[in-house]
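Some notes on the structure that comes next.
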Amino acid sequence: MATSSTQSRASVVATSRAAASPTYRQLTSDKLVNALLTLDDVPAGYTADKPERTDPNKNFCGYTQPNKENGYAAITFQRSSTSLIGHTVRQYDSVADASAQQDALAKAVRAGCSMTDNGTKLKVAQMSAPKLGDRTIGVELTSQGATVDEVFVQVGPVVLAVADAGVVGSADVTQMTAMAKKAIAKYKSAAAQS
């Protein structure tokens with residue numbers, strides 16, 4: 001049987017855990033686009049494509065997403081034809097839905113596979129990744145002439161992806177990590193509950 005002091009300690013622990021877990025509001029399509037990285041956030045020399053609001057539903061090795069996102073925004077930055085940075089935000093109905101998405105992605109990537117994208121065969125492999133957000137999954141895609149290093153970071157009900165691509169061996173993990181940190185900060189600023 002719990003004493004009042006035991007119950008008080010349990011209440012304090014539960015309260016501190018709740019305070020440590022921030023909540024985020026659902027963003028509209030326009031606010032998701034506004035939470036994307038911009039030219040001001042990336043290194044000098046890049047140009048930006050127009051932001052996208054529709055998910056092309058391309059998944060690594062064709063795995064099935066357990067939940068459909070309720071919001072999507074993406075942008076690509078390019079410097080010459082050999083270097084690019086990609087950023088995607090997928091918003092889900094709940095933290096549990098975003099977690100299930102990360103679980104499915106991790107399972108697909110751990111299995112190792114290859115896939116074809118725009119006629120190019122890509123090998124998919126799990127990659128070590130910095131610990132960012134609530135959960136981070138690293139993925140490396142390689143083809144004959146290019147490498148794409150990408151992190152998928154869960155922050156509450158969203159999964160943010162940041163990729164750095166270049167000719168084989170030139171993808172910059174340090175740059176990718178810096179861009180991911182900026183993407184997380186921008187999302188948190190846009191979605192934090194007041």
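The values are calculated or read from the model by the stated rules, or taken from the named source; none is laboratory data. Note that the coordinates shown come from a computational prediction; the quantities given were computed from them, not determined experimentally. With ideal geometry, Cβ positions are generated from the backbone for all residues, glycine too; neighbour counts draw on all protein chains shown. For accessibility, only protein heavy atoms count, side chains too; no ligands or nucleic acids. Shrake-Rupley method; radii C 1.70, N 1.55, O 1.52, S 1.80 Å.
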- Task: Please go through the range 21-57 and pick out each residue that is closer than 27 Å to residue 118 by Cα and aromatic (Phe, Trp, Tyr).
- Result: 46
- Residue that is touching a helix residue (DSSP H, G or I) at 6+ places or on another chain (Cβ under 6 Å), assigned to a strand (DSSP E or B), modelled with pLDDT of 95 or more and of a type outside the set (A, V, I, L, M, F, W, C), where the choices are 126, 154: 154
- Which listed residue, of 78, 65, is in contact with a helix residue (DSSP H, G or I) (Cβ under 9 Å, 6 or more places away or on another chain), surrounded by 14 or more Cβ atoms within 10 Å (Cβ to Cβ) and among the polar types (S, T, N, Q): 65
- On the given criteria, is residue 136 in a strand (DSSP E or B), among the polar types (S, T, N, Q) and out of contact with any Gly (no Cβ under 7 Å at 6 or more places or on another chain)? yes
- Task: Determine whether the range 31-49 contains at least one residue that is open to solvent by 30 Å² or more (accessible area, probe 1.4 Å), touching a residue at least 12 places away in the same chain (Cβ under 8 Å) and within 14 Å of the chain's Cα centre (by Cα).
- Result: no
- Contact list, first residue from the range 127-149 and within 14 Å of residue 84 (Cα to Cα) and of a type in the set (D, E, K, R), second anywhere and open to solvent by less than 40 Å² (accessible area, probe 1.4 Å) and at pLDDT below 95, beta-carbon distance below 6 Å, six or more apart or interchain, is 149/164; 149/171; 149/176
- Query: How many residues does the range 82-98 contain that are under 15 Å from the mean Cα position of the chain (by Cα), open to solvent by 20 Å² or more (accessible area, probe 1.4 Å) and either within 26 Å of residue 165 (Cα to Cα) or of a type in the set (Lys, Arg) (or both)?
  - Reply: 2
- Note on the structure: Cβ pairs under 9 Å, 6+ apart or interchain, first in the range 98-110 and more than 12 Å from residue 124 (Cα to Cα), second among the basic types (Lys, Arg) and open to solvent by 10 Å² or more (accessible area, probe 1.4 Å), ordered by first then second residue, are 98/90; 98/135; 99/135; 101/90; 102/135
- Message: Let me spell it out: the conditions are (1) farther than 14 Å from residue 60 by Cα; (2) among the acidic types (Asp, Glu); (3) open to solvent by 30 Å² or more (accessible area, probe 1.4 Å), and residue 140 meets all of them except one. Which number is the exception?
- Response: (1)
